[in-house]
2 protein chains.
Amino acid sequence: MARLCLVYRLLEELQAEGCVTVSSTQLGERLSMNSHNLRKDISYIGEVGNWGAGYEVARLKQAIGEKLGLARRRAACVVGLGDLGRAILDHAQRHPGAFVMAAGFDSNINKIETLKSSVPLFPAYQIPEVVRRLRIELAVITVPPSAAQKVADLLVEGGVCGLLNMTPAVIKAARPEVFLTNLCLTDELNMLSALITLNTKL
Amino acid sequence: MARLCLVYRLLEELQAEGCVTVSSTQLGERLSMNSHNLRKDISYIGEVGNWGAGYEVARLKQAIGEKLGLARRRAACVVGLGDLGRAILDHAQRHPGAFVMAAGFDSNINKIETLKSSVPLFPAYQIPEVVRRLRIELAVITVPPSAAQKVADLLVEGGVCGLLNMTPAVIKAARPEVFLTNLCLTDELNMLSALITLNTKL
DNA sequence: TTTGTGTTGTGAAAAAAATAACAGTCACGA
DNA sequence: TCGTGACTGTTATTTTTTTCACAACACAAA
């Protein structure tokens, strides 16, 4: 149910804009989705709309937040403080969501000491201990591909339950209850490339 | 057909490892997918396997590359040279795919002049012209959310055919033949959060 | 040669998702 | 008060995707 997450964020925006109620059609318009789909997704949450009139922004937002646990903020971390890792660490603090960046890791101890950051940084070998201590639940992996699997294992050992793997390496989570998203920029651009090719070949 | 893109990259790796043939089962194992699915995807390309024995790595790779246009490299650019944009610009050069980074854009002219980069940098208002001149087909958008739609319009005006929007803003492509992928890190982490919540609520 | 194992490609069945259709409800204005 | 228009939630239909099953084929060993 990825769409509901988008809806949730849109509702935050609408609330900031001072919007009090919205219809599924309006939501669909802003998210480029059709309203049928959204209504079906929302109905999965339960009955939260006003029959005949749209949804109360605040109420719908709260309902989704509760069901999907987006109100609570989980502790997150970034492993691999290269350009991309650092950028994400900063970025995630500027665009907050259902998480709080609580730590950064890197195998290069020099980096740990030199880098300035608003979150505490630790050497990579401390991953299991620190993850457990800080109750970190989410992790973004931005290490070199060859190290991705090892890092993932350490994270899972520490008790992480969600992994966002941004390396081109395809990795596996050691435990089945751990959720893993592979998100490689190269792949995304390749996909677009493929779509364009298929389209123009018509 | 996102899976075929993954297969393609895996085939490159296998080729580097000196592997000559693979079976669909082996591919599936390395990609954490089941072989049925892969075979069906591959069959869409045409008959490229050896009945009874697996696939020749080189041949399969070429077949996919041809069909999906992954052999040719399209020119790409990054708009918005903040931390994330710069990181992606570098990152994309280190992890090459079916594209070549050919330009960077930012509205802050100071930045353009100060930053050092291996690709030429331009002020944002030149987007349509430069995109057309360099025949840029792909673009990564890493500007502040409020500027995302305008930037997208400029890019499309220049003739870009694939957009990778990494801002939380939901944008639309002005022309229908332009492919758009919305890829927001916050959303990805929120999704993981939601999955964890739903899972633990069972 | 023959037998057995492993493989591809494809067609059929099952599952999931998207789309459409509609009954029931409310708000508002005449 | 009554009708009109707009909306939700749910059911039905279609489409897409995934999963399963199997015939056709190659290769190695006996």
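Values as computed for the structure displayed
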item: For segment A:37-47, 3J(HN,Hα) per residue [Karplus equation, 6.51 cos²θ - 1.76 cosθ + 1.60, θ = phi - 60°, Hz, x = Gly/Pro]; result: 4, 5, 4, 5, 4, 5, 5, 5, 6, x, 7
item: Teacher prompt: A:PRO120 distances to equivalent labels in other copies, 7 Å Cα→Cβ, nm; result: 4.9
item: Net charge over other residues, Cβ less than 15 angstrom from the Cβ of A:GLU56 (K, R count +1; D, E count -1); result: -2
item: Farthest positive-ward along chain A dipole, Cα basis, beta-carbon charges - from A:ILE136, A:LEU183, A:VAL20; result: A:ILE136
item: Residues B:GLU17, A:GLU29, sorted so that the one with the fewest Cβ neighbours within 10 Å comes first; result: B:GLU17, A:GLU29
item: Segment B:122-129 - phi-based ³J(HN,Hα) in whole Hz, Karplus 6.51/-1.76/1.60, Gly and Pro as x; result: 9, x, 4, 5, 8, 3, x, 5
item: Partner aspartates and glutamates for B:LYS150 [C-alpha distance under 17 Å; skip if fewer than 8 residues away on the same chain]; result: B:ASP106, B:GLU129
item: Net length gained if the chain between B:VAL48 and B:HIS36 were fully extended (0.36 nm per residue, minus Cα distance); result: 2.7 nm
item: Cα pair count fraction exceeding 17 Å, expressed as % - segment A:65-202; result: 60 percent
item: Label 7 Å beyond Cα on the Cβ vector: B:HIS36 copy-to-copy distances, nm; result: 2.8
item: Nearest residue to the symmetry axis between A and B, taken on chain A by its Cβ, in whole Å; result: A:ALA87, 2
item: Shielding by partners, peptide A:25-34 (average Cβ within 10 angstrom, other chains); result: 1
item: Eligible lysines near A:LYS67 by straight Cα distance, threshold 22 Å, same-chain separation 8 or greater; result: A:LYS40, B:LYS201
item: Exposure proxy order (Cβ contacts within 10 Å, fewest to most) of B:SER35, B:SER118, A:SER193; result: B:SER118, B:SER35, A:SER193
item: Dipole of chain B, positive end: most advanced residue of B:ILE171, B:GLY49, B:THR197 [Cβ charges, Cα centre]; result: B:GLY49
item: Above-threshold pairs, the threshold being 28 Å between Cα atoms, out of A:LYS111/B:LYS111; A:LYS172/B:LYS116; A:LYS61/B:LYS172; result: A:LYS172/B:LYS116
item: Geometric extent, Cα atoms of the protein assembly as shown - Rg, Dmax (angstrom); result: 21.8, 65
item: Percent RCO, i.e. relative contact order, over segment B:10-113, from Cα pairs under 8 Å lying at least 6 residues apart; result: 22 percent
item: Magnitude of the charge dipole, segment B:1-151, Cβ model with Lys/Arg +1 and Asp/Glu -1, debye to 20; result: 300 debye
item: For the protein assembly as shown, calculated [θ]222 nm from helices alone, where every DSSP H run of n ≥ 4 adds -39500 (n - 2.57); result: -15500 deg cm²/dmol
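Each value in this text was obtained by applying a stated rule to the coordinates, not by laboratory testing. The shown structure was predicted, so the numbers you read here are calculated from the model rather than taken from an experiment. We place every Cβ from the backbone using ideal geometry, glycine too, and count neighbours over all the protein chains shown.
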